[in-house]
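Visitor: The following block contains the structure, expressed as structure tokens.
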Amino acid sequence: EQDTLAVREAVTGFADAYNTRKTPIGELTSFNQETGQAGELNGDNTVRRVESSLRSVLSGGVASEGDGFSTLNDIGISLELDGTLSVDQDQLDNVVATDQQALSDFFSGTESATGLAEQVETTVNQMLSSNGTVQNAISGAENRVESLGDRYTRMEQSVEQTIGRYREQFSQLDGMIAEMNQTSTYLSNQFAALESQMNAGS
């Protein structure tokens, strides 16, 4: 006897897992107009590309044979405007009860056509591969962080050199002022002695 409950839970679990992925992405790309606070990945091009790739594979469907299913809509799953998947339980229950083989072929594929699960897996693996969209974005971010670190180090060294130069200049100025004070004192004494001699002579 076919376990219709397990099949239905597997299909709805697929939709739930996809929707769960939307929550952190929504938070990371959010923007609060009242506070002006933006998520860490707000406006990030990589997120848009990932979303677009997943949406494309889910809406593209699969090649079907005969009366088989070719799109998620055929089994009661709709891709909503906000990017989430919604499940029509009645339609899905009917599919599970009447045509599990076609449902299995839709997700798992056949000898002549790949199923939706394989297409999703291929798309995700490509994005996560060493030269994929996500890894390239991570590498790019790491390079920018390293570059900023180098710039910070160079700037810090430059600031320290500038401070050292100013300190040396201030030290020299202090020395000049001390010498000028000594010269001023000497001249004042000389003028006082000269004035005293001139008064004595008169």
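The values are calculated or read from the model by the stated rules, or taken from the named source; none is laboratory data. Values in this document were obtained by computation on a predicted structure and should not be read as measured data. All Cβ positions, even for glycine, are placed from backbone atoms using ideal geometry, and neighbour counts span all protein chains on display. All accessible areas refer to the heavy atoms of the entire protein, side chains included, with ligands and DNA or RNA removed. Shrake-Rupley method; radii C 1.70, N 1.55, O 1.52, S 1.80 Å.
Visitor: Under 7 Å between Cβ atoms, at least 6 apart or on separate chains: pull out the pairs that start in the stretch 129-158 with a residue that is of a type in the set (A, V, I, L, M) and end on any residue that is open to solvent by 60 Å² or more (accessible area, probe 1.4 Å).
Guide: Matching pairs, first to second residue: Val134/Leu128.
Visitor: Give me the residue from the stretch 13-45 that is among the charged types (D, E, K, R) and surrounded by fewer than 11 Cβ atoms within 10 Å (Cβ to Cβ) and, out of that set, farthest from Thr98 (Cα to Cα). So that I can check it myself, show each step before the final result.
Guide: First, the residues of the stretch 13-45 that are among the charged types (D, E, K, R): 16, 21-22, 27, 34, 40, 44.
Okay, now just the ones that are also surrounded by fewer than 11 Cβ atoms within 10 Å (Cβ to Cβ), so 34, 40.
Working: Glu34: 51, Glu40: 46 Å.
Applying the filter and picking the extreme gives Glu34.
Visitor: For a quick check of your reading: which helices (runs of 4 or more DSSP H) sit entirely within the stretch 37-130 and have at least 1 residues that are farther than 30 Å from Ala141 by Cβ and touching a Lys or Arg at 6+ places or on another chain (Cβ under 6 Å)? Working first, answer last.
Guide: Details: elements: 45-60, 89-98, 100-108, 116-128.
Because the criterion is at least 1 residues that are farther than 30 Å from Ala141 by Cβ and touching a Lys or Arg at 6+ places or on another chain (Cβ under 6 Å), the helices (runs of 4 or more DSSP H) in the stretch 37-130 that meet it are 89-98.
Table: residues versus (1) among the hydrophobic types (A, V, I, L, M, F, W, C); (2) surrounded by 10 or more Cβ atoms within 10 Å (Cβ to Cβ).
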site: Leu128; (1), (2): yes, yes
site: Asn131; (1), (2): no, no
site: Gln135; (1), (2): no, yes
site: Ser147; (1), (2): no, yes
site: Arg154; (1), (2): no, yes
site: Gly164; (1), (2): no, yes
site: Thr183; (1), (2): no, yes
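Visitor: Does any residue of the stretch 2-12 turn out to be free of Cβ contacts under 8 Å to residues at least 60 places away in the same chain, of a type in the set (Val, Ile, Thr) and either surrounded by 14 or more Cβ atoms within 10 Å (Cβ to Cβ) or touching a Cys at 6+ places or on another chain (Cβ under 9 Å) (or both)? Explain how you work it out, then say what you get.
Guide: Step one: of the stretch 2-12, the residues free of Cβ contacts under 8 Å to residues at least 60 places away in the same chain are 3, 5-6, 9-10.
Checking the rest, the ones that are also of a type in the set (Val, Ile, Thr) come to none.
For the stretch 2-12, residues free of Cβ contacts under 8 Å to residues at least 60 places away in the same chain, of a type in the set (Val, Ile, Thr) and either surrounded by 14 or more Cβ atoms within 10 Å (Cβ to Cβ) or touching a Cys at 6+ places or on another chain (Cβ under 9 Å) (or both): absent.
Visitor: Being polar (S, T, N, Q) and over 15 Å from the mean Cα position of the chain (by Cα) is the filter here; which residues of the stretch 123-152 pass it?
Guide: Those that are polar (S, T, N, Q) and over 15 Å from the mean Cα position of the chain (by Cα): Thr123, Asn125, Gln126, Ser129, Ser130, Asn131, Ser147.
Listed here are the residues, each with its yes/no results for (1) within 28 Å of Val7 (Cβ to Cβ); (2) out of contact with any His (no Cβ under 6 Å at 6 or more places or on another chain); (3) at pLDDT below 90.
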{"site": "Pro24", "(1), (2), (3)": "no, yes, yes"}
{"site": "Phe31", "(1), (2), (3)": "no, yes, yes"}
{"site": "Gln37", "(1), (2), (3)": "no, yes, yes"}
{"site": "Glu51", "(1), (2), (3)": "no, yes, yes"}
{"site": "Asp67", "(1), (2), (3)": "yes, yes, yes"}
{"site": "Asp105", "(1), (2), (3)": "yes, yes, no"}
{"site": "Glu111", "(1), (2), (3)": "yes, yes, yes"}
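Visitor: Does Gln91 satisfy the condition of being of a type outside the set (A, V, I, L, M), open to solvent by 50 Å² or more (accessible area, probe 1.4 Å) and over 30 Å from Leu28 (Cα atoms)?
Guide: Details: of a type outside the set (A, V, I, L, M): yes; open to solvent by 50 Å² or more (accessible area, probe 1.4 Å): yes; over 30 Å from Leu28 (Cα atoms): yes.
For Gln91, the condition - of a type outside the set (A, V, I, L, M), open to solvent by 50 Å² or more (accessible area, probe 1.4 Å) and over 30 Å from Leu28 (Cα atoms) - is met.
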